[in-house]
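First comes the structure, then the notes that go with it.
The values are calculated or read from the model by the stated rules, or taken from the named source; none is laboratory data. This is a predicted model, so every value here is computed, not measured. Cβ: placed from backbone, ideal geometry, glycine included. Neighbour counts: every protein chain shown.
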Amino acid sequence: MTISTNLVYFIALPLFSSGLLLLLGRKADKWGHIFATLVSASVFIIGVIEFFAMQGREGEARAATQKLFEWISVGSLQVDAGLLLDQLSICFVLLISGVGTLIHIYSIAYMSHDRDRRRFFAYLNLFIAAMLLLVLGDSYLNLYVGWEGVGLASYLLIGFWNEKPAYAAAAKKAFVANRVGDVGLSLAIMIAFTQFGTVTFAGVKEGASGASAGALTAIGAMLLLAAAGKSAQFPLQSWLGDAMAGPTPVSALIHAATMVTAGVYLITRSNFIFDASPTAQLMVVIVGAITLLFGALIGTAKDDIKKALAASTMSQIGYMILATGLGPVGYAFAIMHLITHGFFKAGMFLGAGSVMHGMNDEVNMRRYGALRKVMPITAATFGLGYLAILGVPPFAGFYSKDKIIETAFDSGGIQGILLGSITLLGAGITAFYMTRVMVLTFIGTKRWDEKAHPHESPFLMWAPMAALAVGSVASGFLLNSGSALVNWLQPVVNANQEYHSGHLLPPIVVSIMALTVVAIGVAIAVLKYRTVPVVAPENVLGITKAARKDLYQDSFNEAVFMRPGQKLTAGLVNTDYKVVDGLVRLVGWVVQISASNLRNIQNGYVRSYALIMVLGVIALIAAVWMVTL
Amino acid sequence: MLSAPNLDYALLAPIMIILGGALIGVLIEAFAKPAWRARLQLVISLAAIVISFNQLVRVRNDGSSIAAVTSVSVDGAGMFLQGAILIFAFLGILVIADQDNFAPQASALPGSAEEAAAIQAGKQQTEVFPLTMFAVAGMMLFPVATDYITLFVALEVLSLPLYLMAGLSRRRRLLSQEAALKYFLLGAYSSAFFLFGAALLYGYSGTISLNGLTDAIRGNTGNDVFLLLGIIFLSVGLLFKVGAVPFHSWKPDVYQGAPTPITGFMAAATKAAAFGATLRIFYLGLDAAQTSWKPFIAVISVITMIVGSLAAISQRDMKRMLAYSSIAHAGFVLTAIVSLSENALSASLFYLFAYGVATIGAFAIITIVRDSAGEVSDVNRWIGLGKKSPLVASVFSLFLLSFAGIPLTSGFVGKFSIFSAAYESGNITLVVVGVLSSAIAVFFYLRVILMLFFTDATTDSISVVIPSILTRISISISAIFTITLGIAPSLVFDIAQDFAYFLR
């Protein structure tokens, strides 16, 4: 039996503060950022309290629900606006509000010169509210509201500096790619409703056991499409790199730690759909595997530090998506990697922001070099994140990534070997491009612009970085000790103890293989980037050229979707103009003529009005007379 | 030997409290110092409304069909509408309190030296408050009255103050006075129809009560010619009040001429009251004769929806446009009368409430969009308002979207429920026409929104005055209602469903 508690504060507090800051306008400029940070921190504290309260309860009683109000009640569609806080959502609540609060603190300093800082914080809290609604909704429809809300907040924040057209275009691109995914989600909801007559998680879970394979696969595919849009997975990955146009704290919070992982949440939450449909699972695995390599390859050639990290995010989420396709135990490892990734990637983004802060907003890594001497704290915290993403023991990524690689190998047969190899290869490439970032930025010789005077960032900026670095170091060990997270999530995802039995390769072998590949990747990068030209060399391998151009993702989209789409719309516009509009214009003409005739009747004379009334009465009498006689 | 009639004072109290407030208002006009009047009137009116509403809430479960012998039946639908009218009155009074909309001295000839002197002296026509309260009392009585005489008295009590108030506009006074006179003449004319219809129905059934009428129809005791003519004539009186075509001609002129706060109040509250009475008469008194009136009400509903939506397109004046929109909305609610089901009743209750709140808000916004010569209601002058006053323009757009029935506003839920009730009861034609004319209507609402936000301003003499705190409260409450009922309609919809019954 689930218990009922008051969960509405999670959403109401940040939402209210966001609205307040937007409504008060400039009046709140002085204290808006402090206020927003306090609200975010208090949400985190409530989350911690709920977490301990949940630990105090046993088994089924751990999940808490709250019915807010009857939302839609039309015919057979009955949807309550309700919240559900269970073992899965509490992980997200803590991650979102915890990392969110650190990034709030960081942003106080980072955005201190921006005259719209208050608006920025209002959007941040709008994001927190929407993201919490996303993970706390108890039905697909409630999730959808949060899903759209984070899309809106992401759009507003990517285009925060919308005076630059390129940034506004980036916001639009993110919006369009997300829209494609959103269609997937709405279709999934509609199919679920037609199949099961309900859209709550509990109801769909109940119905899924007796549903046809075709329906489940269709729902799964549509959910995957939604996840691909939100989490920048193949083939909807192209927006994430451009989304780096937003302020760096946004990239850290939304485009690394939380929002882009919503797809992983969606698939994990829908585990009952995917577990029942091997076809859908296969699609998930394929998408994850492709994106994992795709992102890693792009990451090898990017000179913009934020875009390199964005490519890495794409690749790491590829790992998580792949893991969610591997069945019950995969979900738990996906969530574990999601949490550890939230720490180390957010930490590295904040580090990148710190570097940019000291380097006059320069993002080109070829213009960095030897920054460890002037920015020791940034270099140290970034370095810890670096070790974590590489998967060096005992840092966080070691536990989470190795588990995914193991599970991939364990998935059986040719598929298992193939997936295991891909994840291993991905780990090697990751080591290469992250080492490249590290070397280009913090080591080597200085290649700074003459005007740059890099300096360490203020306390408010490095403190959150340090806190995240602690997470990068310790979170993996903590989550893994005694299979803590796997056991914790067991009631939600049914991850029983299957993990401990029947490994294709013993874990220690996998770890050694992974570390070997990582070492090779690091070595290549170190050798290759002993000297770094300030201008990117032109005579490079084809694969590098392709990676620089994001593996031609934009050209592909333009050739396959945009240009035919434009031709199609041009054709449609033409048809529309001649045929449809012709009819509409005819109708419009008739409407206008009749409208102006009606105006003539309305001539302002009371006697005419009275006459019209009399004529109306006579007409009525005549009509009734004819009907009744 | 006559025995004293048995009156249920607790149920009649809401109306009597309002009447009491109105009478105190009259006394204030006689005895209080001019400087104090406006404030006193405002306090008394709001207090009366709040107390009355409170009383209504207290007795909400004690509905009785014989609150006053057989003349008044305070039942679910009646109480819901009384509550709605009180809320409209509250919101309306807040806007009316901005005396800048009213002539300083209604008796002074427009343009005369007297008028100039009255403006100079800062005189105020604070009689508006008691007049409004009398109208409110009439409106509250109209939907609960169950015999022709009480119905007629209520109709006149609500109408007479409105005729007067329509002529009180501070600016464009000739237009305002013309509107008042037209309203009065045509109103009296339609009252005559109503009374004539009542007389014919009395002739048919030999009783003045609606219950007696039903019994007579069931028993088939009278002359059908009297019945049919009576129904038609009675309907004309009611259809005039709700503004159904072809009895709508007064509406654009009066809406345009009347002081805008009065227009908003009257559009919301009169419509609720008149539809309340109409629903009661057709649901309660005439349901046994439905085969004879359903066809012609259906036809009128269709014509009203079409004409209202079409004519709104060619309007250049914001208030006239909303008048035609109000006509179209009357057509939508008429479909609920034809549907004749409990779902349709609850849908129309919800609809009247949602529409009324948005209407008061929309007209309140018109009062604050002004240039140096006062309020600007020319649609073309509103171009580019969204750039100058984004908040005001956004809220106005919200109300327009609600009128248009766009999802996430209260208007959508209202339209959806009313059309689905019509669909359930098999009136497919009405649903099709309703949806089509809604589509036409969306055109002119969206055109205004486009003008507000996406067209560059050509003149810059128009501006939004900073509204008084009271107007601001009224607009805010209306906007909050409109949004909330769009997102969580069940908050009011459940109440409407619980209260959707008439007691015989």
query: In this structure, is B:Val379 hydrophobic (A, V, I, L, M, F, W, C), more than 30 Å from B:Ala488 (Cβ to Cβ) and in contact with a His (Cβ under 9 Å, 6 or more places away or on another chain)?
result: no
statement: Matching residues in segment B:356-391 (surrounded by fewer than 21 Cβ atoms within 10 Å (Cβ to Cβ) and touching a Gly at 6+ places or on another chain (Cβ under 7 Å)) number 0
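Residues are listed down the side, and each one gets a yes or a no for (1) over 30 Å from A:Asn494 (Cβ atoms); (2) at pLDDT 85 or above; (3) touching a Phe, Trp or Tyr at 6+ places or on another chain (Cβ under 6 Å):
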{"position": "A:Gly327", "(1), (2), (3)": "no, no, no"}
{"position": "A:Phe344", "(1), (2), (3)": "no, yes, no"}
{"position": "A:Leu350", "(1), (2), (3)": "yes, yes, yes"}
{"position": "A:Val363", "(1), (2), (3)": "yes, no, no"}
{"position": "A:Lys373", "(1), (2), (3)": "yes, no, no"}
{"position": "A:Leu390", "(1), (2), (3)": "yes, yes, no"}
{"position": "A:Ser411", "(1), (2), (3)": "no, no, no"}
field: Of all residues in segment B:463-489 being out of contact with any Leu (no Cβ under 8 Å at 6 or more places or on another chain) and surrounded by 18 or more Cβ atoms within 10 Å (Cβ to Cβ), the one that is nearest to the other protein chains (Cβ to nearest Cβ)
entry: B:Pro489
- line: Reported set for segment B:400-411 where residues are of a type outside the set (Gly, Ala, Ser) and at pLDDT below 90 is B:Ile406, B:Pro407, B:Leu408, B:Thr409
- request: For A:Ala243, indicate whether it is surrounded by fewer than 24 Cβ atoms within 10 Å (Cβ to Cβ) and in contact (Cβ under 8 Å) with a residue 60 or more places away in the chain.
  value: no
Residues satisfying the stated conditions in segment B:165-177, i.e. farther than 10 Å from B:Pro259 by Cα and crowded, with 19+ Cβ neighbours inside 10 Å: B:Gln177
- line: Considering residues that are part of a loop (DSSP other than H, G, I, E, B), among the small types (Gly, Ala, Ser) and out of contact with any Asp or Glu (no Cβ under 8 Å at 6 or more places or on another chain), the number found within segment B:33-64 is 0
field: Residue that is nearest to the chain's Cα centre (by Cα) [pool: residues in segment A:570-620 that are more than 10 Å from every other protein chain (Cβ to nearest Cβ) and among the charged types (D, E, K, R)]
entry: A:Asp576
- prompt: When the residues of segment B:384-434 are filtered to those that are within 14 Å of another protein chain (Cβ to nearest Cβ) and in a loop (DSSP other than H, G, I, E, B), which remaining residue is farthest from B:Phe296 (Cα to Cα)?
  reply: B:Ser389
- prompt: Is it true that A:Val534 is more than 14 Å from chain B (Cβ to nearest Cβ), at pLDDT below 70 and exposed (fewer than 14 other Cβ atoms within 10 Å of the Cβ)?
  reply: yes
message: Quick check on segment A:267-286. Is at least one of its residues closer than 30 Å to A:Ala168 by Cβ and in a helix (DSSP H, G or I)?
response: no
message: Given the criteria out of contact with any Lys or Arg (no Cβ under 8 Å at 6 or more places or on another chain), facing chain A (nearest Cβ under 9 Å), in contact (Cβ under 8 Å) with a residue 24 or more places away in the chain and more than 17 Å from B:Tyr351 (Cα to Cα), does B:Phe282 qualify?
response: no
message: Quick check on B:Leu450: is it within 12 Å of chain A (Cβ to nearest Cβ) and surrounded by fewer than 22 Cβ atoms within 10 Å (Cβ to Cβ)?
response: no
- request: Check whether at least one residue in segment A:130-139 is of a type in the set (Val, Ile, Thr) and buried (at least 20 other Cβ atoms within 10 Å of the Cβ), and report yes or no.
  value: yes
- line: Among A:Leu485, A:Leu551, A:Leu479, the single one that is among the hydrophobic types (A, V, I, L, M, F, W, C), assigned to a helix (DSSP H, G or I) and at pLDDT 80 or above is A:Leu479
message: Looking at A:Ala474, A:Ala431, A:Ala467, A:Ala463, can you tell me which residue is surrounded by 23 or more Cβ atoms within 10 Å (Cβ to Cβ) and either assigned by TED's automatic domain parsing to the domain that holds A:Ala308 or in contact with a helix residue (DSSP H, G or I) (Cβ under 8 Å, 6 or more places away or on another chain) (or both)?
response: A:Ala431
- line: Considering residues that are in a helix (DSSP H, G or I) and over 26 Å from the mean Cα position of the chain (by Cα), the number found within segment B:95-127 is 9
Subset of segment A:156-202 [of a type outside the set (A, V, I, L, M, F, W, C), touching a helix residue (DSSP H, G or I) at 6+ places or on another chain (Cβ under 6 Å) and free of Cβ contacts under 8 Å to residues at least 40 places away in the same chain]: A:Asn162, A:Gln195
task: Look through segment B:65-94, keep the residues that are part of a strand (DSSP E or B) and among the polar types (S, T, N, Q), and return whichever of them is surrounded by the most Cβ atoms within 10 Å (Cβ to Cβ).
output: B:Ser73
- prompt: Does at least one position in segment A:166-179 carry a residue that is on the phi < 0 side of the Ramachandran plot, buried (at least 19 other Cβ atoms within 10 Å of the Cβ), not acidic (Asp, Glu) and not in a helix (DSSP H, G or I)?
  reply: no
B:Ala198 being away from chain A (no Cβ under 14 Å), within 25 Å of B:Ile66 (Cβ to Cβ) and within 26 Å of the chain's Cα centre (by Cα): yes
statement: Among B:Gly219, B:Gly237, B:Gly206, the single one that is more than 9 Å from chain A (Cβ to nearest Cβ), of a type outside the set (S, T, N, Q) and buried (at least 22 other Cβ atoms within 10 Å of the Cβ) is B:Gly237
message: Can you list the helices (runs of 4 or more DSSP H) lying wholly within segment B:285-372 that have 3 or more residues being within 14 Å of chain A (Cβ to nearest Cβ) and among the hydroxyl-bearing types (Ser, Thr, Tyr)?
response: B:290-313
Residue that is surrounded by the fewest Cβ atoms within 10 Å (Cβ to Cβ), among those in segment A:1-11 that are part of a helix (DSSP H, G or I) and in contact (Cβ under 8 Å) with a residue 40 or more places away in the chain: A:Val8
field: Qualifying position, being β-branched (Val, Ile, Thr), in the same structural domain as A:Ala380 (by TED's automatic domain parsing) and within 23 Å of A:Phe201 (Cβ to Cβ), among A:Ile286, A:Ile267, A:Ile321
entry: A:Ile321
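Listed here are the residues, each with its yes/no results for (1) within 18 Å of B:Gly276 (Cβ to Cβ); (2) touching an Asp or Glu at 6+ places or on another chain (Cβ under 7 Å); (3) of a type in the set (Ser, Thr, Tyr); (4) free of Cβ contacts under 8 Å to residues at least 24 places away in the same chain.
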site: B:Ala118; (1), (2), (3), (4): no, no, no, yes
site: B:Lys123; (1), (2), (3), (4): no, no, no, no
site: B:Val128; (1), (2), (3), (4): no, no, no, no
site: B:Met139; (1), (2), (3), (4): yes, no, no, no
site: B:Pro143; (1), (2), (3), (4): yes, no, no, no
site: B:Val153; (1), (2), (3), (4): yes, no, no, yes
site: B:Leu158; (1), (2), (3), (4): yes, no, no, no
site: B:Ala166; (1), (2), (3), (4): no, no, no, no
